[in-house]
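As structure tokens, the structure follows; a few thoughts come after it.
Every read-out reported here was derived from the displayed coordinates using simple, explicitly stated rules and does not represent laboratory data. It should be emphasised that the depicted structure is a prediction, and the values quoted were computed from it without experimental measurement. Virtual Cβ from ideal backbone geometry, glycine too; neighbours counted across all protein chains shown.
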Amino acid sequence: MDSGKRPLSPHLGVYRWQWTMAYSILHRFTGIALSLGAVLLVVWLTALAAGPAAFATVQALLLSPFGILVMIGFTLAFFYHLLNGLRHLVWDSGCWLDLRGAERSGHAAAGGAVLLTALLWLFIGL
Amino acid sequence: MAGMTGNTPRNLGPARKGGAEWLAQRIFGAAMVPLVIWLLASLLIARPDAFQDYVLWASAGVNALPLILLLAVMFHHAHHGLKDIVRDYVHQPFCKLLLAALVKLGCFGLAAVGILAVMRLAIWGS
């Protein structure tokens, strides 16, 4: 078995920096972050099912200044991963695969994520 | 994990076998879109505040069912994504196998714990 000679995914270091590359890395990075967010959702639901005392402890952590900051980070990661995931689905249909389309849709996903995060937290704050 | 076990004639990846997994990744990714939009919209509309509000929200059948669906689809989707990252960037065979196993068991376990919490709420919550 010559498994060592199999072609590997391109390593990050061999490319000139590009927007599309940054957005691709960001998609995987936010995916990892959101996996931790999914763990948090399970902890939160388990605390809710466990009763008022456990739920109050988790809520106090989430609503502390540090907790809010983490939640804002999660919403930003969430909206980016959602919008960039839609971009991936559009690519699978064969559209936006040219350099211009790929770059512009990436900018739209990143900008849209910042905008939606700001709108959501403004709405929650009101 | 055909690409990892090397069961193809030349050990050059899952030739002709990757299509089903590729499609499953897209289906679960696309299914996440309505589910997360529902979660966000439902919480923003219900605006639960106290412990009892959250229990009432989570224990209602119209919310418990999509919550269980969300947990199942979300951890399946997380498994797809994390598995691909492990495949692409962890090269040492033992580490690759160990991490792939941890990701799979972690996703299945967390989905089960989350679904149990929602079922407890749906059955005994209100």
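Taking 20 °C and 1.002 mPa s as conditions, the range A:19-79 diffuses translationally at an estimated 168 µm²/s according to Stokes-Einstein applied to its Kirkwood radius (Cα pairs).
Given in Å, the Rg to one decimal and the Dmax to the nearest whole number for the Cα atoms of the protein assembly as shown are 20.1, 62.
So what is the diffusion coefficient of chain A in µm² per second by Stokes-Einstein at 4 °C and 1.567 mPa s, using a Kirkwood Rh over Cα pairs?
Roughly 75 µm²/s, to the nearest whole number.
Residue exposure proxy: B:124, B:57, A:96, ordered by other Cβ atoms within 10 angstrom of their Cβ from fewest to most, comes out as B:124, A:96, B:57.
So for A:93, B:59, A:24, fewest C-beta neighbours within 10 Å to most, what's the order?
Values: A:93 8, B:59 21, A:24 16.
Lowest count first: A:93, A:24, B:59.
Take the Cα of residue A:114, step 7 Å toward its Cβ, do the same at residue B:43, and the gap between the two points is 2.4 nm. Per residue, the average separation of C-alpha pairs within less than 8 Å and at least 6 apart gives chain B a relative contact order of 28 percent.
Against the longest alpha carbon principal axis of chain A, how many degrees, from 0 to 90 and to the nearest 10, is the axis of helix A:19-50 turned? Its long axis makes an angle of about 30 degrees. Calculated mean residue ellipticity, 222 nm, chain B: -28500 deg cm²/dmol, from DSSP H runs (n ≥ 4) at -39500 (n - 2.57) each, averaged per residue and rounded to 500. Computed from label points 7 Å out along Cα-Cβ, the spacing between residue B:95 and residue B:108 is 2.5 nm. Ordering A:124, B:37, B:45 from the fewest to the most neighbouring beta carbons within 10 Å gives B:45, B:37, A:124.
Equivalent-ellipsoid semi-axes (√(5λ), Cα gyration tensor) for the range B:34-74, whole Å, largest first?
18, 12, 7
The C-alpha atoms of the range B:16-124 occupy a region whose extents along the principal axes are 49, 24, 21 Å, arranged from largest to smallest. Take every pair of alpha-carbon atoms less than 8 Å apart whose residues are at least six positions apart; their mean separation over the length of chain A yields a relative contact order of 28 percent.
Okay, helix-only estimate at 222 nm for chain A: each DSSP H run of n ≥ 4 adds -39500 (n - 2.57), divide by all residues, round to 500 deg cm²/dmol; what do you get?
Working: 4 runs with 98 residues, N = 126.
Mean residue ellipticity at 222 nm (helix-derived): -27500 deg cm²/dmol.
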